[in-house]
Amino acid sequence: MNSIPQSFSHPVPECVGAAFDLAVSEAWRFVGQTAPNPAVGCVLLDAQGNVLVIAAHHRAGELHAERLAVEQARALGVVDQVHTAVVTLEPCNHTGRTPPCTQALLSTPVQTIWIGCADPNPHVQGGGAAYLQGQGRTVRWLAHAPNGGLWATRCRALLAPFAWRMTHGRPWITVKQAVNAQGSMVPPAGCTTFTTPQSLHFAHALRRVTDGIVTGTGTVRADLPGFTVRHVPDHPDRRRVLVVCGAQRNVPAHWLVQAEQRFDVLFCPDCKELPALLASTPALWVMVEAGPALLRAMYAQGLWDDWLTIRQDTQGSDHFSVSTRHDISPLSLFPEWARCTQEQACFPVL
């Protein structure tokens, strides 16, 4: 991973902090359709700290956040007013499917670039911050700001699935588990769920931001799940990965035909092979929706990064808790995070 160069610390001005909030929020709108690229946000400010444009990377092959922001500023006739750029991720300094973002920023009169996270991708030249500094621009990092912790955490949460993929070779894995007041995952007869409408809305919002789903043959046989995004608008024309743990012969043929119309379906006969199989896909973030047997196996083998548990009490109210194996979680960017209790040593009910 690229290291952030040491520099004198500068406090984050109020207008820059507000711009980071806008940049993260705009990037979050497109999480779930940028893979294999990260979700990135960029805000351009004038010399007085007023917002000129807010932009984010939409999907692979389209303009990166910085270049899109510059193009929008140019289209609005305000590019000559650009003074400060706020970006959640270090601007790229290499040519891929699009030109370097450093060059886009340098095509403006920008004087200061605030960066949320260093580029974790070891496969590219990197060095965007150093290049901008070499061109006479001031580069400042949230990690060095004495008051930058909150915004740095949000930027890291946004980047977490991409950073984990770059450094560990597989997507970020979120397990979602719903249990009733008795600790059972089995809905009442004739029902497919026992959680509240608000929890159901959140579950589909989670599907929306992820690039794939992991399930088991038992879940497929029992529920014939569609795994579609409902209750919230999905990304247009989004095709995700669906990994089924178990043998293909153990799922109904008609279900598989329907699933392959919407997903790239892969089978994983042995749970231990799941990391390598997921590594072969472009996914950055996958969620697990499965029954107790598969969840026990994944928990025992440590094949998860955060574990979201929705527990319903005897009065029918849902309570969220999250166990994470890291110091950050992309789940923290959901508004529902405020309902969660982060427990580093939580043991899910299976």
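What the table below lists for this structure:
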quantity	calculated
Residue list for the range 121-136, restricted to those being open to solvent by less than 10 Å² (accessible area, probe 1.4 Å) and either touching a strand residue (DSSP E or B) at 6+ places or on another chain (Cβ under 9 Å) or free of Cβ contacts under 8 Å to residues at least 24 places away in the same chain (or both)	128, 129, 132
Residue match in the range 51-60 (condition: at pLDDT below 95 and aliphatic (A, V, I, L, M))	yes
Residues of the range 35-58 satisfying the condition of being over 16 Å from residue 113 (Cα atoms) and in contact (Cβ under 8 Å) with a residue 60 or more places away in the chain	35, 36, 37, 38, 39
Among residues of the range 238-255, those that are open to solvent by 20 Å² or more (accessible area, probe 1.4 Å) and more than 11 Å from residue 212 (Cα to Cα), counted	7
From the options 301, 315, residue that is more than 19 Å from the chain's Cα centre (by Cα) and over 24 Å from residue 225 (Cβ atoms)	315
Residue that is free of Cβ contacts under 8 Å to residues at least 12 places away in the same chain and either polar (S, T, N, Q) or farther than 12 Å from residue 171 by Cβ (or both), where the choices are 293, 253, 297, 259	253
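The values are calculated or read from the model by the stated rules, or taken from the named source; none is laboratory data. All of these numbers come straight from a predicted model, not from anything done at the bench. We place every Cβ from the backbone using ideal geometry, glycine too, and count neighbours over all the protein chains shown. Protein only, heavy atoms only, side chains kept; ligands, DNA and RNA dropped before computing areas. Shrake-Rupley method; radii C 1.70, N 1.55, O 1.52, S 1.80 Å.
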